[in-house]
Amino acid sequence: MKLENLKILSKEMIDQLNKIGVFSVERLAICSVKELAEALGLSEEKVEDILIEAWRETGHWFMQATEYSENIKEVVLTTGCKALDELLGGGVRTKRITEFIGEYRVGKTQTALTILIEALGRESDVYAIYMDSERGFNESRIMEIAKNRGYDGEDILQRVSLVPVVSCDNMLKGLKWVDHVLVDRKARLLIVDSVVSPFRSEYVGREKLAERQQLLGTALDQMAKIAEAYNIAVIATNQVVARPEHTYSYDPLASVTPAGGHVLAHRSQERVHLRKGRGEIRIARLIDSSWLPPGECMFRITER
Ligand SMILES: Nc1ncnc2c1ncn2[C@@H]1O[C@H](COP(=O)(O)OP(=O)(O)OP(=O)(O)O)[C@@H](O)[C@H]1O
Ligand SMILES: [Mg+2]
């Protein structure tokens, strides 16, 4: 929703907001009082009035509980894989961060691409943002998967905004500026592949760990707010790291742990660990969910 829809905002205020990356009421609703007071040069009381208007418009202010579910319903997106959908209670959900975790070549990027293709293939008017810090975004692979699933790959690519991430700052600024591509568009997905790797490569060593986790927390905070404000599904991929304290166990997951520590664990609503089986077989385990029971399923990575 355009800022012009908020009567409380003057033309000058809208210009100031645009300068800090705020183009829509949805984005305005997730700004802090402090950030807005600074950008607009207004008192905190004035800014609060503006925010309440924004929250009211976007369904984040007091309303009848019955209205709530009607107004801002979450949407379930298929993963394109029946077994994985069942594990996830139907698929990945908007307003939430779903994390796919696993070692290299296990299928995290392929899963994210398939979710993207299914979401944009099924609905002809929706958009997605893909932040790629691994160079996993491959046009010809998208064309191939789309074709095999009966969708127009070219048309899907037209509706993807790609950010090939080169640094942490690049990712953080990208998250801050999503609004200029989302304003007045119906977005369904934000994919961040991978979320931790820029932070791991830039902040190396124990002495930088606190700073790294703090920045990662900022990125995740933005992602969570974006999911909520725009009613979109955030898909994050993540690697695993070896667990030094691990002793032998029958559980194949006991020797590894997702990168990113507690910061990420607290932020992802659904965490799916992928591991390799024989050949193309992959095993997905739902390791953490706020509402689903833990479980496992098997799937295959194919040309589809
Ligand atoms: N066109 C294709 N047809 C069939 N399988 C493919 C195709 N392209 C890639 N794959 C398979 O997908 C797997 C790689 O998956 P993917 O790139 O999603 O891994 P990843 O978990 O993202 O790894 P990384 O951590 O290295 O980014 C490989 O096993 C590869 O064989
Ligand atoms: Mg990948």
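The values are calculated or read from the model by the stated rules, or taken from the named source; none is laboratory data. All values derive from a computational prediction rather than experimental measurement. Glycine also receives a Cβ, built like all others from the backbone with ideal geometry; neighbour counts cover every protein chain displayed.
For the reader, a short list of remarks on this structure follows.
- Some residue of segment 216-236 being closer than 27 Å to A83 by Cβ, within 16 Å of ligand 1 (Cβ to nearest atom) and under 18 Å from the mean Cα position of the chain (by Cα): yes
- Meets criteria (within 13 Å of ligand 1 (Cβ to nearest atom), part of a helix (DSSP H, G or I), in contact with a strand residue (DSSP E or B) (Cβ under 9 Å, 6 or more places away or on another chain) and not β-branched (V, I, T)) for L113: yes
- When G136, G107 are checked against the criterion of being within 16 Å of ligand 2 (Cβ to nearest atom), among the small types (G, A, S) and surrounded by fewer than 19 Cβ atoms within 10 Å (Cβ to Cβ), a single residue qualifies: G136.
- Test: residue in segment 59-78 that is basic (K, R) and farther than 22 Å from R267 by Cα: no
- Selection of segment 207-238 for residues being without any contact (Cβ under 8 Å) to a residue 24 or more places away in the chain and either under 12 Å from Q269 (Cβ atoms) or in contact with a Gly (Cβ under 8 Å, 6 or more places away or on another chain) (or both) yields an empty set.
- Here S167 fits the description: within 20 Å of E134 (Cα to Cα), of a type in the set (G, A, S) and modelled with pLDDT of 95 or more.
- Residue in segment 1-41 that is farthest from K176 (Cα to Cα), counting only those that are β-branched (V, I, T) and either over 24 Å from the mean Cα position of the chain (by Cα) or in a helix (DSSP H, G or I) (or both): I8
- Checklist (1) within 16 Å of ligand 2 (Cβ to nearest atom); (2) at pLDDT 95 or above; (3) under 19 Å from R285 (Cα atoms) applied to Y130, failing item: (3)
- Being touching a residue at least 40 places away in the same chain (Cβ under 8 Å), away from ligand 2 (no atom under 16 Å from the Cβ) and under 20 Å from the mean Cα position of the chain (by Cα) is a condition met by at least one residue of segment 161-171.
- Within segment 170-202, the set of residues being under 17 Å from E134 (Cβ atoms) and among the small types (G, A, S) comprises G174, S194, S197, S201.
- Residue check, L120 buried (at least 19 other Cβ atoms within 10 Å of the Cβ), more than 16 Å from ligand 2 (Cβ to nearest atom) and assigned to a helix (DSSP H, G or I): yes
- Complete set of residues in segment 42-62 that are within 27 Å of the chain's Cα centre (by Cα), outside any helix (DSSP H, G or I) and surrounded by 13 or more Cβ atoms within 10 Å (Cβ to Cβ): G59, H60, W61
- Selected residue (only one of T94, T98 is within 16 Å of ligand 1 (Cβ to nearest atom), of a type outside the set (D, E, K, R) and surrounded by 20 or more Cβ atoms within 10 Å (Cβ to Cβ)): T98
- Subset tally (residues that are hydroxyl-bearing (S, T, Y) and surrounded by 23 or more Cβ atoms within 10 Å (Cβ to Cβ)) for segment 190-238: 3
- With a requirement of 3 or more residues that are assigned by TED's automatic domain parsing to the domain that holds G59, none of the strands (runs of 3 or more DSSP E) lying completely within segment 226-277 satisfies it.
- Single unsatisfied condition, E270 versus (1) within 14 Å of the chain's Cα centre (by Cα); (2) over 21 Å from A83 (Cα atoms); (3) not β-branched (V, I, T): (2)
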